[in-house]
1. Does segment 52-67 contain at least one residue that is out of contact with any Lys or Arg (no Cβ under 7 Å at 6 or more places or on another chain), surrounded by 13 or more Cβ atoms within 10 Å (Cβ to Cβ), closer than 30 Å to residue 84 by Cα and not small (Gly, Ala, Ser)?
2. What number of residues within segment 25-51 satisfy the criterion of being surrounded by 11 or more Cβ atoms within 10 Å (Cβ to Cβ) and either under 25 Å from residue 15 (Cβ atoms) or in contact (Cβ under 8 Å) with a residue 60 or more places away in the chain (or both)?
3. Give me a count of the residues in segment 102-119 that are exposed (fewer than 10 other Cβ atoms within 10 Å of the Cβ), in a helix (DSSP H, G or I) and more than 23 Å from the chain's Cα centre (by Cα).
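Coordinate-derived values only; no laboratory data. These numbers come from a predicted model, not from an experiment. Glycine also receives a Cβ, built like all others from the backbone with ideal geometry; neighbour counts cover every protein chain displayed.
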Amino acid sequence: MEAERDLKALQARLERFRDEREWARFHSPGNLAKAINVEAAELLEIFLWTNGREEEGRVLEERRAAVESELADVLIHSLNFASATGIDLVAAAERKVKANEERYPVAKARGSARKYTEL
């Protein structure tokens, strides 16, 4: 799968980047989980005080570079977390999608924002 290969290549590049700077000692699971949270909050901040899809679309258009940068930071720290903990992120995501398919059957979940426990 090309996407998986690209993800593994990106993860290897991030590991090289980390190792060249001797930053592995800072990449504890706790620190990386905090970093993911901080970057996700920075992504969320871009949309703070927006009201509805139309306004969010306008903000996305106007601040696309910032959105891309923050989203990339979330991905980078997630890949660093996966590397530090030995988690195969693609396999974990595939398992999660399968579980969600079971929790949210199309016949019950289509068009609904309810949690699976409420369907």
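1. Yes, segment 52-67 contains a residue that is out of contact with any Lys or Arg (no Cβ under 7 Å at 6 or more places or on another chain), surrounded by 13 or more Cβ atoms within 10 Å (Cβ to Cβ), closer than 30 Å to residue 84 by Cα and not small (Gly, Ala, Ser).
2. Selection size over segment 25-51: 16.
3. Selection size over segment 102-119: 4.
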